[in-house]
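Beneath this line is the structure, given in structure tokens, with notes to follow.
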Amino acid sequence: MLITDPSQSLAVLKCYIRGEAGANDLFQQAMLGIFNCIPHSKPMPHRIFRISKPKAEITQLPKLGLAKKHLITDFKHYYSHRLGRDENCVSVHYAYQALSLAISDRLVERWKNTYNTYRDQSCRKAYYLSMEFLMGRSLSNAMLNLGVDDVAHKALYEVGIHLEELIDVEPDAGLGNGGLGRLAACFIDSCATLQLPVTGYGLRYEYGMFSQDIVNGEQVERPEHWLRMGNIWEIERPEYMVRIHFGGHTETYVDEHGKPHVHWVNTQDILALPFDTPIPGYQNDTVNTLRLWKAVSTEEFNLQEFNAGDYAEAVAQKNTAENITMVLYPNDANENGKVLRLKQQYLLASASLQDVVGRWVASYGSDFSQFAEKNCFQLNDTHPSIAVAELMRLLLDKHGLSWQAAWDITRSTMAYTNHTLLPEALEKWPVHLMQQLLPRLMEIIFEINAHFLAEVSAHWPGDSARLARMSLIEEGACKQVRMAYLAIVGSYSVNGVAELHSKLLKEGLFSDFYELWPNKFNNKTNGVTPRRWLAGCNPLLSELITNTIGAEWVTDLSQLAKLKPYAEDPAFRKKWRAIKQHNKNRLVALKKQEHDLDLNPNALFDVQVKRIHEYKRQLLNVLHVIHLYNRIKQGDTANWVPRCVLIGGKAAPGYVMAKKIIKLINNVAEVINHDPQVGDKLKLIFLPNYRVSAMEVIAPGADLSEQISTAGKEASGTGNMKLMMNGALTIGTLDGANIEIREEVGDENFFLFGLTEAEVEAQKHHYQPQAIIDADTDLQGVLYLLECGHFNQFEPGIFNEVIASIKNPHDPWMTLADFRSFVNAQVQVESAYRDQEQWTRMSILNTAASGKFSTDRTIAEYNREIWKLTPVQPR
Ligand code: 26Q
């Protein structure tokens with residue numbers, strides 16, 4: 001029995017106080033009952049104080065100044081009073097905190113205004129649900145978007161501090177793996193810049209992405225406690241805590257009107273505690289919210305154990321609850337079946353939906369007729385897709401809606417973005433696990449499936465193969481829920497992240513669904529925010545661009561096209577080249593300081609930075625480096641273009657092959673970099689601990705961008721866009737957004753190579769790597785060095801699996817198939833680079849053509865075609 005009536009709970013409470021028999025057990029339940037009955041708007045016992053004046057009196061303050069003198073005063077105030085430090089404790093860390101507090105105050109002012117404006121206008125809103133937000137650093141971005149970066153620079157200079165030094169001590173908020181997480185961060189930046197009422201919902205992991213050390217050439221993971229020094233940018237909001245159920249079972253009863261009700265009972269509950277971070281738009285007074293949930297234990301959860309006298313057990317259980325948001329899963333592909341991951345996903349979905357639905361009920365009571373008109377949820381991949389079933393549960397079980405009414409609402413509020421074409425990466429959860437952990441959700445999924453399969457049967461009568469293919473449940477020894485199908489069935493929009501990717505989703509992975517609902521499917525080509533990825537990270541280039549075409553490009557990146565004619569202007573090219581050189585020098589200095597790596601700033605900087613994955617083919621890059629090494633050893637160096645190949649990225653800790661690839665890169669580097677015959681002609685450098693803040697230095701200094709995945713495997717890529725924006729030329733396959741990059745910049749400014757997606761598909765059943773090897777003496781030379789152990793003289797056999805993988809006729813990535821055309825394209829790169837005027841021309845044209853790849857364009861499309869929000873100017 002679950003007590004849900006508050007008066008009943010109070011009666012039990014009185015019995016307990018009077019010490020009546022049996023009251024102890026009931027007490028636990030009663031507390032639960034009281035807790036569950038507290039309306040959402042005041043879930044925690046935060047007492048409101050009596051106030052004899054209008055409430056606004058408490059918070060009304062004069063607007064904070066943005067002038068130098070205001071920043072200096074506030075900086076000193078925070079340093080000395082809030083942080084309690086004086087001239088005997090001058091630390092860059094406290095200076096960072098003091099400045100951040102001063103900047104944060106200015107954001108909070110605008111944040112409240114934005115929030116109140118949205119509330120007063122009761123406008124339609126969108127919610128971006130994502131297990132990852134890879135935010136990186138906040139301080140420099142906040143100053144840029146507030147428009148105080150120059151002033152802050154001068155203010156600190158006046159107290160004798162260099163701003164760059166402060167910026168560099170901020171740890172990255174690394175709450176994501178790579179592309180998908182960083183995309184979420186770029187998206188919320190653009191939403192705020194476009195003044196769209198969008199809130200990001202995610203998880204506040206205690207440990208984000210691990211920090212990567214390289215020891216003896218191998219990746220060693222180190223957990224990074226990014227919150228160790230506190231986090232100035234977040235505000236804890238216990239008043240909006242919500243309760244999350246796990247386990248237990250369901251009980252059904254029919255009420256006096258014959259209406260069935262389901263209760264999910266005997267659950268083990270935890271609480272989700274929100275932390276809010278302000279997300280400023282670019283110089284427009286809008287500040288949106290990123291709300292991240294932290295798991296905490298409920299009081300009564302511990303009370304049971306505590307009363308039984310087992311204090312240690314009680315504390316341990318508290319930890320079990322709080323473990324849920326302890327760590328980000330460091331895989332950027334599906335790792336199947338981990339209970340903790342499912343708990344994380346449900347926590348995100350349930351807490352976020354309860355938050356939104358609770359606010360709805362506070363304003364509109366039980367009338368949900370306008371809910372779908374006013375709210376929509378964008379699911380960042382299938383990771384939060386349990387939200388489809390959770391919204392159904394809340395509407396059915398908590399708010400008494402009929403199945404049809406609840407389903408109509410769900411299906412017109414959810415939208416799903418897919419980020420992968422690899423079938424093995426599609427998420428599935430064992431039915432038995434769901435039944436154990438989320439029994440009520442599993443019932444709802446079965447029911448959604450029953451309704452859906454009836455629809456399929458009506459559309460394709462008698463097609464049982466189709467039913468089995470499309471069912472949300474995959475049959476077999478271990479029945480599994482297909483999360484992508486749940487997301488498609490429960491959404492009004494399904495999109496891919498680049499033209500090719502969206503087309504392949506319709507033709508391949510989701511073709512049955514496309515046949516059934518062609519209008520649901522659409523494309524939204526990814527982008528990156530030009531604030532962080534050009535204005536912020538490349539101040540010199542930004543200044544040159546602004547001086548040349550005006551400053552509008554920062555919020556309208558298509559303006560960069562105005563740079564095109566300047567590609568023909570020798571004086572402009574000279575400035576452009578000088579800035580690239582400056583940025584290369586900065587990268588060289590940083591690598592020297594951080595890792596004692598020696599880079600030749602006059603070489604071509606050839607950059608491949610991204611997660612380490614077989615499909616991304618870092619191996620193809622290494623094969624090319626070994627080929628160049630062979631050429632040098634053979635004396636084939638006429639007109640040689642010195643090249644510095646930079647490879648960076650993390651491998652999932654359990655991905656053995658990816659870790660071997662890192663080891664191979666480091667071993668090859670060790671041999672080449674110490675060969676006196678090679679000298680400055682060629683360097684191979686592995687950049688340790690690649691992350692957002694590293695890319696902010698790498699992108700401005702890159703000459704060549706390696707985007708060399710097997711065609712049809714990379715959904716979009718976004719590093720390709722960051723590098724292009726900063727004037728790097730791309731060498732790439734016809735994959736993901738590379739295709740659109742090439743369309744924008746023109747064939748003559750892009751180094752194309754490799755099989756097309758159609759050719760990869762056509763060849764995969766009769767791929768013969770040995771025949772390719774037999775026909776190519778350069779490739780033979782490369783493989784010879786690998787196979788004879790030239791790069792692992794004291795570690796025999798360690799690369800056998802790597803070598804075998806590329807010689808395997810079943811190699812899904814067909815690395816050797818593209819070797820020759822890759823080498824040829826690299827020869828084209830060299831001849832283009834030899835002509836520095838020509839190279840600079842191409843570099844300018846790349847930046848000029850990058851306008852499409854702003855997330856402002858992407859988000860405008862999401863909004864026009866999916867969200868349909870109206871921009872709001874805060875009061
Ligand atoms: C799933 C289940 C369990 C554990 C981990 C995961 C998991 C986590 C992260 C699965 C996938 C990811 C991340 C995927 C990702 O980053 N995909 C990339 O998304 C980018 C943005 O759309 C694209 O540009 C890239 O092409 C795509 O690879």
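For L604, which sequence-distant residues (separation of 5 or more, or a different chain) have an amide H within less than 5 Å of its own amide H, given hydrogens modelled in the peptide plane?
R643, C644
Rounded to the nearest 5, what % of DSSP beta bridges with both residues in the chain are antiparallel? Provide the component values of the computation, followed by the final result.
Numbers: 37 of 82 bridges.
About 45 percent, rounded to the nearest 5.
Name the trypsin sites (Lys or Arg not before Pro) in the range 62-126 that are in a loop by DSSP and that have at most 14 other C-beta atoms within 10 Å, would you?
Values: sites: K63, K68, K69, K76, R82, R85, R106, R110, K112, R119, R124, K125; in loops: K63, R85, R124.
Answer by residue number: K63.
Note down the relative contact order for the chain as a percent, whole number, built from C-alpha pairs under 8 angstrom at least six residues apart. It would help to have the intermediate numbers written out before the result.
On the way: 1546 pairs, mean separation 113.0, N = 875.
After rounding, I find 13 percent.
Kirkwood Rh and Cα-based Rg: tell me the resulting Rg over Rh for the chain, rounded to two decimals. Working shown, then result.
Numbers: Rg = 28.8 Å, Rh = 29.3 Å.
On the Cα set of the chain, Rg over Rh gives 0.98.
Please say if the range 532-656 is rounded, prolate or oblate, where rounded means a/c under 1.5 for a ≥ b ≥ c the square roots of the C-alpha gyration tensor eigenvalues, and otherwise the choice is prolate for a/b larger than b/c and oblate otherwise? Let's see the in-between values first.
Details: a/c = 2.08, a/b = 1.51, b/c = 1.38.
In terms of gyration-tensor shape, prolate.
Mind listing the phi-derived Karplus ³J(HN,Hα) values for the range 213-227, rounded to whole Hz, using 6.51, -1.76 and 1.60 with θ = phi - 60°, and x for any glycine or proline?
My calculation for the range 213-227 gives 9, 10, 10, 6, x, 10, 6, 10, 8, 10, x, 10, 8, 5, 8 Hz in order.
Excluding ligands and nucleic acids, what accessible area in Å² is computed for H70 using a 1.4 Å probe, to the nearest 10?
Its heavy atoms expose roughly 70 Å² to the probe.
If the viscosity is 0.692 mPa s and the temperature 37 °C, what translational diffusion coefficient in µm²/s does Stokes-Einstein give for the range 178-317 when Rh comes from Kirkwood over Cα pairs? Mind dumping the intermediate values first?
On the way: Rh = 19.2 Å.
Diffusion coefficient, whole number: 171 µm²/s.
Can you give the accessible area per residue of the chain, in Å², using a 1.4 Å probe?
Heavy-atom SASA per residue in the chain reads 41 Å².
Counting other Cβ atoms within 10 Å, keep those with at most 14, restrict to DSSP loop, and tell me which GluC sites (Glu not before Pro) in the range 239-286 are left. Don't jump to the answer; show the numbers that get you there.
Working: sites: E239, E251, E256; in loops: E256.
Counting only loop positions with at most 14 other Cβ atoms within 10 Å, the GluC sites (Glu not before Pro) in the range 239-286 are E256.
Mind jotting down the distance between the C-alpha centroids of the range 227-261 and the range 770-805, whole Å?
56 Å
If you keep only loop residues by DSSP, which chymotrypsin sites (Phe, Trp or Tyr not before Pro) in the range 763-805 have at most 16 other Cβ atoms within 10 Å of their Cβ?
On the way: sites: Y767, Y784, F791, F794, F799; in loops: Y767, F791, F794, F799.
Passing both the DSSP loop test and the Cβ count: F794.
What does the C-alpha gyration tensor say about the overall shape of the range 176-220? Classify as rounded when a/c is under 1.5, otherwise prolate if a/b is larger than b/c, or oblate. Could the numbers behind the result be given before it?
Values: a/c = 5.06, a/b = 2.63, b/c = 1.92.
In terms of gyration-tensor shape, prolate.
The values are calculated or read from the model by the stated rules, or taken from the named source; none is laboratory data. Everything numeric in this text was worked out from a predicted model, so none of it was measured. Reconstructed Cβ throughout: ideal geometry from the backbone, glycine too, with neighbour counts over all protein chains shown. The area values use the complete protein model at the heavy-atom level, side chains included, leaving out ligands, DNA and RNA. Shrake-Rupley method; radii C 1.70, N 1.55, O 1.52, S 1.80 Å.
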